[in-house]
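Following: one structure in structure tokens, then a few remarks.
The values are calculated or read from the model by the stated rules, or taken from the named source; none is laboratory data. Nothing here was measured: the structure is a model prediction, and the numbers come from that model. Neighbour counts are summed over all protein chains in view; Cβ atoms, including those assigned to glycine, are modelled from backbone coordinates with ideal geometry.
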Amino acid sequence: MKLAAVIAEYNPFHNGHKHHLGLTRKLTDATHVMVLLSGGFVQRGGPAVADKWTRARMALDGGADLVCELPYIFAGSGAEAFADGAVSILEATRTVDVLSFGSECADISALKSVADVLAGEPDNFSCALKHALNQGMGFAAARAEAVKSILGVDAAQILKEPNNILAVEYLKAMGKKRCGFSAVAVERKGAAHHSERSEDGFFASAKTIRACLAKGDIAAAARFVPYPAEMLNDLHVSDIEKRYDNAVLARLSACDLRDIRALPDVSEGLEFAVKNALSGANTARDIVDLASSKRIPKSRLRHAIAHLIMAATEEEMTALRRVPPYLRVLAMNGKGRDIVKAIKNHSDMPILTNLRANQTKLSDTQRKVLDFDIKATDLQSLFSGSFRYHRDYSKNPVLMLKQTK
């Protein structure tokens, strides 16, 4: 068995994701493909457009063999913690051979050069970064400028694209942990990650698809997904956004500055910016737009807001991220079952399929990590309009157990 791993959100799954899974098998000669998938909340901040089992089923149909959940303590965080947590889980399986990720830059050596500089923080990088920050640049721009001073313009440009940034963070984490697997970068196909239009009428970003769904244009969204349009009818993006907006505004109105200050990654006076933004806001997006600045990027605000809804504090998240991981199975086919068996043979990491039966495998601290995942599932169902309390306890993995080839 040769196992390729993918870290994803699939919010929702689309043609570009299917293309990536197909190319992953081709480029790596993988016989099996495993996906680590964000659960009820996603890395961009906020609830997913569909529950994790629906998105896991889409992934199986699109070419994955095993889909497992990336815990909220990583999935709901910034790029560095997101990548570090996902890589730690893959490494703990002792079974993964290669990590495959999409990237605007498919040059793995160029990505690794940037990752090495960011991980090593040589003196010339630190000096250049400090100088750029003192010039009033935001952290992301200052970091790119510091990389430019060492590796040149092309390397700095790598840090301007979202998938490249995640790719660099994956490579940083792999180097830090001295992982026993390699990496391959698959060039992103079609529209940019943040684009709201399609370049060719077949490939489009998840953002484009969500925008179509928010307008109720199922036919437009259906052009970009590899499954029947009927599956999109249950993705009520506009309703999810409205319910989430109401929850955000209610929570922010009721909390005080200390509550916001206790959230993960809050600095630069973010708590004051958020509270001040309330006076002119009608939606969560308004809060982000009004409170953001060079020093407070929109991504950090989206994460902070999601952490507030999830009642996650910096102290708790930091402690839980140090916990040895577990593996929560969401969906698998026949080959996926082979992967699970291989992981059991090579690793002592707890594998969860039925929470009612498997909880005893977890330590008290791991259980707290799982509690966040359960909460994220509950809240996603609430915002989607089909509230199911503690569905994690009654829902078993999606199975498509065809004959293994």
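Only residues that are out of contact with any Phe, Trp or Tyr (no Cβ under 7 Å at 6 or more places or on another chain), surrounded by fewer than 18 Cβ atoms within 10 Å (Cβ to Cβ) and in a helix (DSSP H, G or I) were counted across region 343-386, and they come to 13.
Using the structure shown, decide if residue 295 is of a type outside the set (A, V, I, L, M) and in a loop (DSSP other than H, G, I, E, B). Against the criterion (of a type outside the set (A, V, I, L, M) and in a loop (DSSP other than H, G, I, E, B)), residue 295 qualifies. For region 369-394, filtering for residues that are within 19 Å of residue 246 (Cα to Cα), free of Cβ contacts under 8 Å to residues at least 60 places away in the same chain and of a type in the set (Gly, Ala, Ser) leaves 1. Applying the condition of being of a type in the set (Ser, Thr, Tyr) and outside any helix (DSSP H, G or I) to region 274-292 and asking which residue is surrounded by the fewest Cβ atoms within 10 Å (Cβ to Cβ) yields 283.
The requirement of being surrounded by fewer than 18 Cβ atoms within 10 Å (Cβ to Cβ) and basic (Lys, Arg) is fulfilled nowhere in region 299-313; no residue meets it. Only a single criterion out of (1) crowded, with 16+ Cβ neighbours inside 10 Å; (2) of a type outside the set (A, V, I, L, M, F, W, C); (3) assigned to a helix (DSSP H, G or I); (4) touching a residue at least 24 places away in the same chain (Cβ under 8 Å) is not satisfied by residue 176, namely (1). One residue is enough: does region 13-30 have a residue meeting the conditions in the same structural domain as residue 73 (by TED's automatic domain parsing), in contact with a Phe, Trp or Tyr (Cβ under 9 Å, 6 or more places away or on another chain) and outside any helix (DSSP H, G or I)? Yes.
The residue that is farthest from residue 339 (Cα to Cα), counting only those in region 94-148 that are among the hydroxyl-bearing types (Ser, Thr, Tyr) and surrounded by 18 or more Cβ atoms within 10 Å (Cβ to Cβ), is 113. Among the residues of region 327-342, those identified as basic (Lys, Arg) and part of a helix (DSSP H, G or I) are 335, 337, 341. The condition of being farther than 28 Å from residue 316 by Cα, free of Cβ contacts under 8 Å to residues at least 40 places away in the same chain, assigned by TED's automatic domain parsing to the domain that holds residue 97 and among the basic types (Lys, Arg) holds for only one of 344, 335, that being 344.
Note on region 42-104: enclosed helices (runs of 4 or more DSSP H) holding 3 or more residues that are within 13 Å of the chain's Cα centre (by Cα), in the same structural domain as residue 334 (by TED's automatic domain parsing) and at negative phi are 72-75, 79-93.
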